[in-house]
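Reviewing the structure listed below.
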Amino acid sequence: MAIDRVLSADSGGMQEDSFNFSLRPQTLDEVIGQDTVKEKLSIAIQAAQQRNEPLEHILFYGPPGLGKTTLANVVANEMNAAIKVSSGPALTKQGDVMGLLSNVGTGDILFIDEVHRLSAPVEEFIYPAMEDFKVDFTVDSGMHAKTINFPLKQFTLIGATTRAGLLSSPLRSRFGMLFHMEFYNPEQLLQIIIRSAGLLGLDNDEESLKLIASRSRGTPRIANRLLKRVRDYAQVKGQGKLSIDIVERALKMEQIDHMGLDELDRAFLRALINVYDGGPAGIEAIAATLGEERDTLEDVVEPYLLQRGLVRRTKRGREVTRAAYDHLHLEYSREETTSNQQSMFD
Ligand code: ADP
């Protein structure tokens, strides 16, 4: 059975969406962190505006909750452009894409989340739209089938994906700008939480907010979610006042430990240690042991464990490091292996 978690990959339903929506930065200046991405975007936006041209197609890639959707909306806002939003799994037929594309105006943004999940026929249909702003649309079928060449307005496609490596190379090569989203450091997360606390009308107890920031797995979506959990807890148990004690208790209830790991993160480490003697083990095997989707482990769980040096990826599979044993207070009983290491990012 999948472990329920506050840190899940998706945005968590309508309520969460409207909550996140209200906390979303609207302009590049309001976006905290991701300085390299912001600088490159700012130059591209100014250059396009000076030439009076639409922006090139953009791909944002990185773990969930780091601000890909936020940035897509910010880009639209900065370009004074309308944005249409869809996602890879929602665009099942050419007609679905056609419906969207025939309605985009010059310079408008089409945002496709989970762009790696477009089906092959839809992907191929999109290539000429991205390259030459036209599509070949087939109407009817069988002997009556006709292909109509349909010109489009010059639009900007913004795609988001958890891993650029999941995209087919023809699709990837059609994006003019590719931006990798980084985990946020505690100072940046603190700024995000201070901003969110202000928008939610919470008192600005910096020490408490700092503690939430340090437990947020480098991820703004998690920071905002934990803030919400802590706000509830403070309301019921602490007369609405934040304090270190209240934050500690609220996070303990959510099973978030001092590194920000939750039950699924720890289950991943424990499975590697207890079932696979610390590894190496293949991701499919670990997924089967935990009863979790492989994608969830690869997109949501692993990136942060890799970044914190608790897990490493080798040619033969995943291995825990000594730091993982220490974190779980388990005795370390393996010989260090440093061979066969391979880049953990694609
Ligand atoms: P993704 O599309 O990468 O999954 P989102 O753009 O939905 O992530 O971000 C999740 C939430 O985190 C947003 O609702 C927003 O409130 C917050 N957020 C993300 N990035 C930032 C940022 N750089 N500054 C402030 N808040 C952010």
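A few comments on the model shown:
- Those strands (runs of 3 or more DSSP E) of region 141-184 in which 2 or more residues are away from the ligand (no atom under 16 Å from the Cβ) occupy 146-151.
- Residue that is farthest from residue 330 (Cα to Cα) [pool: residues in region 292-316 that are of a type in the set (Asp, Glu) and assigned to a loop (DSSP other than H, G, I, E, B)]: 293
- Hits in region 302-336 (condition: buried (at least 20 other Cβ atoms within 10 Å of the Cβ) and without any contact (Cβ under 8 Å) to a residue 24 or more places away in the chain): 321
- Within the option set 240, 201, being outside any helix (DSSP H, G or I) and out of contact with any helix residue (DSSP H, G or I) (no Cβ under 8 Å at 6 or more places or on another chain) holds for one residue only, 201.
- Filter pass, residue 49 being surrounded by 13 or more Cβ atoms within 10 Å (Cβ to Cβ), modelled with pLDDT of 95 or more and farther than 26 Å from residue 183 by Cα: yes
- Evaluating residue 289 against the criteria (1) part of a helix (DSSP H, G or I); (2) surrounded by 19 or more Cβ atoms within 10 Å (Cβ to Cβ) leaves one unmet condition, (2).
- Some residue of region 91-105 being hydrophobic (A, V, I, L, M, F, W, C) and open to solvent by 20 Å² or more (accessible area, probe 1.4 Å): yes
- Check on residue 111, within 16 Å of the ligand (Cβ to nearest atom), closer than 30 Å to residue 304 by Cα, touching a His at 6+ places or on another chain (Cβ under 9 Å) and at pLDDT 95 or above: no
Conditions tested, residue by residue: (1) away from the ligand (no atom under 12 Å from the Cβ); (2) within 23 Å of the chain's Cα centre (by Cα); (3) open to solvent by 60 Å² or more (accessible area, probe 1.4 Å); (4) touching a residue at least 60 places away in the same chain (Cβ under 8 Å).
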{"position": "191", "(1), (2), (3), (4)": "no, yes, yes, yes"}
{"position": "199", "(1), (2), (3), (4)": "no, yes, yes, yes"}
{"position": "206", "(1), (2), (3), (4)": "yes, no, yes, no"}
{"position": "219", "(1), (2), (3), (4)": "no, yes, no, yes"}
{"position": "231", "(1), (2), (3), (4)": "yes, no, yes, no"}
{"position": "237", "(1), (2), (3), (4)": "yes, no, yes, no"}
{"position": "245", "(1), (2), (3), (4)": "yes, no, yes, no"}
{"position": "253", "(1), (2), (3), (4)": "yes, no, yes, no"}
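- Filter result for residue 51 (under 16 Å from the mean Cα position of the chain (by Cα) and among the basic types (Lys, Arg)): no
- On the stretch given as region 255-265, residues that are assigned to a helix (DSSP H, G or I), surrounded by 20 or more Cβ atoms within 10 Å (Cβ to Cβ) and of a type outside the set (A, V, I, L, M) total 1.
The values are calculated or read from the model by the stated rules, or taken from the named source; none is laboratory data. In this text, all values refer to a predicted model and were calculated from it rather than measured experimentally. Cβ sites come from the backbone with ideal geometry, for glycine too, and all protein chains shown count toward neighbours. For accessibility, only protein heavy atoms count, side chains too; no ligands or nucleic acids. Shrake-Rupley method; radii C 1.70, N 1.55, O 1.52, S 1.80 Å.
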